[in-house]
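Right, one structure below, let's go through it.
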Amino acid sequence: MKIMRSAEDYLEAMLMLQEKHGYIRSIDIAAELGVTKPSVSYATKRLAENGYINKNNESAITLTDKGYEIASRIYERHKVLTYLLIKLGVDEKHAREDACKIEHDLSVETFDRIREYAECLQAKETT
């Protein structure tokens, strides 16, 4: 199933918040993505309807296995691309912004080669 870029951004932000705080709240998603609370409400409703997240009555949000799979794939791409762009001399702020733009559009094959290259760079740094 093809998932929209904005949904990937929401799921990635949720995973980042889960790792950072141990929980996911709508207000934190809005702050992380720079969107309004009504936008988050609409997006989380659609994500829940499609089985990517669960929401309870106390506003707690959790990723389902399907949502976690997508979020972790996008987040890995983000981290690898950010690392590589920084190594190429891009300042961290722009590297993060550009990684966010690139992470959605790369083929699996291209990303796999980029990840392998980044791993080689990291290995050289530790030796």
Exercise for the section: Kindly provide the set of residues from segment 1-40 that are aromatic (Phe, Trp, Tyr) and within 10 Å of the chain's Cα centre (by Cα), ordered by number. Expected result: TYR10
Practice task
Restrict the check to segment 55-67 and report whether at least one residue is loosely packed, with under 10 Cβ neighbours inside 10 Å and polar (S, T, N, Q).
Solution key: yes
Problem - helices (runs of 4 or more DSSP H) lying entirely in segment 1-88 (those with 3 or more residues that are of a type outside the set (Val, Ile, Thr) and within 18 Å of GLU103 (Cα to Cα)) - result: 5-21, 65-87
Exercise for the section: Name, by its number, the condition in (1) surrounded by 15 or more Cβ atoms within 10 Å (Cβ to Cβ); (2) part of a helix (DSSP H, G or I) that does not hold for HIS104. Expected result: (2)
Handout entry: segment 113-127: number of residues that are over 14 Å from LEU88 (Cβ atoms), among the hydrophobic types (A, V, I, L, M, F, W, C) and touching a helix residue (DSSP H, G or I) at 6+ places or on another chain (Cβ under 8 Å)
Key = 0
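Each value in this text was obtained by applying a stated rule to the coordinates, not by laboratory testing. Here the structure is a predicted model, which means the values were calculated and not measured. Virtual Cβ from ideal backbone geometry, glycine too; neighbours counted across all protein chains shown.
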